[in-house]
1. Tell me, what is the FRET efficiency for THR450 and ASP169 to the nearest 0.05, using R0 = 35 angstrom and their Cβ-Cβ distance as r?
2. I need the Kirkwood Rh of the range 94-181: take the reciprocal of the average 1/r across all distinct C-alpha pairs and report it in angstrom.
3. Hey, any idea what the orientation-averaged projected area of the convex hull of the range 205-267's Cα atoms comes to, in nm²?
4. With a Förster radius of 25 Å, plug the Cβ-Cβ distance of ALA120 and ALA13 into 1/(1 + (r/R0)^6) and report the FRET value to the nearest 0.05.
5. Using label points projected 7 Å from each Cα along Cα→Cβ, tell me how many nm separate SER159 and ALA227, to one decimal.
6. Less than 24 Å apart at the alpha-carbon level, and either on another chain or at least 8 residues along: which lysines does that give for LYS398?
7. Antiparallel as a % of all DSSP beta bridges within the range 94-181, to the nearest 5?
8. Residue by residue, what Karplus-based ³J(HN,Hα) values in Hz, rounded to whole numbers, does the range 141-146 have, using 6.51, -1.76 and 1.60 with θ = phi - 60° and x for Gly and Pro?
Amino acid sequence: MMMEPRYVTVTDATRTDLGEFAPVSFDHAHGDDENTFTLTSYADEFTTAKGGLVYVDGTDLGGIIDDISVSLDTGSDRIMTYKGRTFTGILANLVVQPSSGQDYYTVSGEANAVLGQVIAHLGAGDIFSASAAASGLSVSFTFPRYCDAYTGLRKMADSCGGILHHAYDHSTKRVILSMTARPTLPEISNEEATITLASRRPYNHVIVGGIGELKDRVIVHRYADAAGNISTTQTFTGSQERAYFYDLNTAEQADAEEAAEEWLANAQGADTTTVEVTGETLEFDVGDHVTVSDPETGTAAEVVIGKKIVRIDPLEGYTTRYVTANATGSTRSAGGEGGSWNYKPNAPAVYYDASAEGLAYGNALQPLPLLATDQAEITIASTSAGSNTSATATVPSKSGYTFAGVIGHNINTGTRQNWLNVWRLYKYSDTEVRASVCNVGSSAASGVMTVDLLYVRNGALP
């Protein structure tokens, strides 16, 4: 299982490393769509230029910077925003063209060796290279005319029962492409995931418009029957028909037929299955086939991972979400290190927390009789990277009420306050509230925390 990174490496335009940094936030998506990332950071941590890389070494996280912007936050720190294409986004912006004098680009041989041939054909050796390891797979594949490289390579991998992988290698300053046989993954039961199935009518007719104009345009029809079988014979008409027009204006007849059959077959899948991983974090690759089941009802569905969405945040940690053409799934790791909120999803809105010796809150604060609220401010002194600190504030007194606990907080001013992870916030005494925080960033941080307080009318509690 991949380690959960909290830092990213950034290079300049010459791909020389500037260092490893804790981002304010890092959002990364690759797969069927998006294939982009957004990195925000403090300007005094680093600045770089368009053409620089962002990566987590040895993983599929990273890409090339295309856009840069700067803004000021409330504490007057300059916040830099870097946006760009993921490594798969770079592939998606390359077109596989037939060799001169040829109708199609065709390859064959050992899969990883073929990847090297494709990289050379694309002229992309400055950023990509192929794994030297033996894949155990043999490829014989004809790329669709003028398809993007990422789509084409995924199709090539699928054609021989493989999975396309990519990972940045710091030592070679290249993204290493490789293929392995598609793994047989263990079935996920309802003990690890929440599974929702919904009945719906899939598309049963696709019309692909290929190359050409008006009456001379290539037009292909394919139909699905009640069992999901694809043919040229129409089964459903009138109110039972669900048709879709697929505009593929570069496709010749054969490519249009293949695209029609592939699109309609995918439309028959269990695309109303929702999978949410709620137990132990699971790691998937784009292209993995995952079976989910509920033994009690006998419900089962196979889903194909089509997109991986990652967020790195100093406070929330490392979060991954998986999306497919016929399902969605998500995983979430724990938040900050060194402790956690006393959060109880199934608890009453306000409950007594023995460890904090006061009232804490669950899903949301609900109106309760005999309650009052107020606020206090806790000043968090400058805290070095990786260190913990605690601070206390006196709560306002309210005539006729007793301070009972904390119901919320916000650190909205300071220096790099986004790096301060509040891992405990509680009633310290009848007149004080206390916060314990950890600086999860890479340099000193400080801030002022506004704390929402709960009071109970005197005599209301036993």
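Just so you know, all these numbers are worked out from the coordinates, no wet-lab data involved. All of these numbers come straight from a predicted model, not from anything done at the bench. Because the Cβ atoms are built from the backbone with ideal geometry, glycine has one as well, and the counts that use them run over all protein chains shown.
1. Details: r = 45 Å, r/R0 = 1.30.
Efficiency, rounded to the nearest 0.05: 0.15.
2. About 13.0 Å for the range 94-181.
3. The orientation-averaged projected area of the Cα hull of the range 205-267 comes to 4.2 nm².
4. Numbers: r = 24 Å, r/R0 = 0.96.
E between ALA120 and ALA13, to the nearest 0.05, is 0.55.
5. My value for the distance between the label points is 2.9 nm.
6. LYS398 reaches LYS427.
7. Working: 15 of 18 bridges.
DSSP beta bridges in the range 94-181 are roughly 85 percent antiparallel.
8. 9, 10, 6, x, 4, 6
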